[in-house]
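Please read the structure below before turning to the comments.
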Amino acid sequence: MDLDARHAPWRRDYLLAMEAVIDSGCFSGGPFVERFENEFAAYCGTRHAVGVGSGTDALWLTMTAMGIGPGDEVITVPMTFVATVEAILLTGAKPVFVDIDPATYTMDPTAIEAVLTSRTKAILPVHLFGQPADMGPIMELARMHGLRVIEDAAQAHGAAWSGRKAGSLGDAGCFSFYPGKNLGAFGEAGAVTTDDDGLARDLRMLRDHGQSEKHRHEGFGWNSRMDGIQAAVLSAKLPHLDAWNHARRLHSLRYRAALSATREIILPSERPATAHAWHLHVIRVPRRAGLLEVFRQEEIGYGLHYPVPVHLQPAYRNLGYTAGDFPVAEQCADQFVSLPSGPELDADRIDHVISTLLRWAGPPAASRTKSLHEPSTRAGAPLGV
Ligand SMILES: *Cc1c(COP(=O)(O)O)cnc(C)c1O
């Protein structure tokens, strides 16, 4: 991504937005935050959006507001950014992992039932890379067992499932506005979306030292207010989000058109009835080291999301998992490569990545079996939107 290029066309708007905050003096919470909350709730199709300090805080505060704590278990995936798991641990609850689906890289709903216990309180699917998790069966299971569902939508601003936006699919949606996300602030910020009036009220207290009104502390709280400047910048950016996501989609179509015949590359798929937000365009390559070397020579910026699944990180060894517990997540960790995908990139830059990939892969071997392509057969299906 190229944040300079991303911001340049609207630089004046952003400066004016920040100037308005400076002139008002409303730096922490206040009218700019309220305005953005209303706009973002309307965008996501929820009754509420509560602005907080970061996506990590959004997750932690949501679970805290739901009463999740020591002795409880929360089901999530090991193929995610570590913050998902940190937030569970910070409540005192125990993260319980299930593997991801090999075609969509989101939580495998068929794996959930086997890990349910009397202590399970919530399911925390991650809309990884911008693809909504398989929310139909997840919500069904949750309702059947009386569990809450918290969407980690930090990579999925504007993604949709069955015509509804990410953040409106579970009991709460947790967003990050870290600068590199599809909707990014000029610093740290996050939000929780929900239709639950009580949850929204509790979150507003939690983010502000448990206060229901000044000097009245109803319960435990913290300082996780959103900055006025971040809110003003986000309000200036939100009207562009759909166009930016569309540009990301065009990049993904360009990659797909050029690369789908290449045996060495497994392309990402888009589940039917979903609109992927294409936060990251992640391919799988079984021989990754060689490709990364070529990318470095060509000065192509790539990412690895995520090269070590959370259950194999040194910090989380005490959770009791070992290599081999989540074979899909572990294989993906070895094979994932994130390609340049920011909306600011032009077709020439995408084409440079494509020609580099094609040169690295060599000519397609028509005689070879298509077994490696199995997961991308679905990937090759027409895109949903
Ligand atoms: C970015 C991210 C977070 C954390 O958000 P911050 O705003 O950086 O705290 C959580 N989960 C996922 C999947 C993310 O990508």
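The values are calculated or read from the model by the stated rules, or taken from the named source; none is laboratory data. Only a predicted model underlies this, so the values are computations on that prediction, with no experimental measurement involved. All Cβ positions, glycine included, derive from the backbone under ideal geometry; neighbour counts span all protein chains shown. Side chains are part of the model used for accessible areas, which takes the heavy atoms of the whole protein and leaves out ligands, DNA and RNA. Shrake-Rupley method; radii C 1.70, N 1.55, O 1.52, S 1.80 Å.
Brief remarks on what is shown
- Every listed requirement among (1) in a helix (DSSP H, G or I); (2) open to solvent by 20 Å² or more (accessible area, probe 1.4 Å) is met by Gln230 save one, (2).
- Criterion: surrounded by 15 or more Cβ atoms within 10 Å (Cβ to Cβ) and either over 22 Å from the mean Cα position of the chain (by Cα) or basic (Lys, Arg) (or both) - qualifying residue of Leu291, Leu267, Leu280: Leu291
Listed here are the residues, each with its yes/no results for (1) open to solvent by less than 20 Å² (accessible area, probe 1.4 Å); (2) touching a residue at least 60 places away in the same chain (Cβ under 8 Å).
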residue: Met66; (1), (2): no, yes
residue: Thr80; (1), (2): yes, yes
residue: Glu86; (1), (2): no, no
residue: Leu90; (1), (2): no, no
residue: Phe97; (1), (2): yes, yes
residue: Val115; (1), (2): no, no
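- Members of the stretch 38-64 found to be more than 16 Å from the ligand (Cβ to nearest atom) and either open to solvent by 10 Å² or more (accessible area, probe 1.4 Å) or without any contact (Cβ under 8 Å) to a residue 12 or more places away in the chain (or both), listed by number: Asn38, Glu39, Ala42, Tyr43, Gly45, Thr46, Arg47, His48
- Matching helices (runs of 4 or more DSSP H) fully within the stretch 1-85 where at least 1 residues are under 30 Å from Ile300 (Cα atoms): 3-7, 11-24, 55-65
- Residue tally, condition open to solvent by 60 Å² or more (accessible area, probe 1.4 Å) and touching a helix residue (DSSP H, G or I) at 6+ places or on another chain (Cβ under 9 Å), over the stretch 183-200: 2
- Options Met135, Met144: the member that is surrounded by fewer than 23 Cβ atoms within 10 Å (Cβ to Cβ) and without any contact (Cβ under 8 Å) to a residue 60 or more places away in the chain: Met144
- Scan of the stretch 212-227 for residues that are not in a loop (DSSP other than H, G, I, E, B) and not charged (D, E, K, R), ordered by number: Ser212, His217, Asn223
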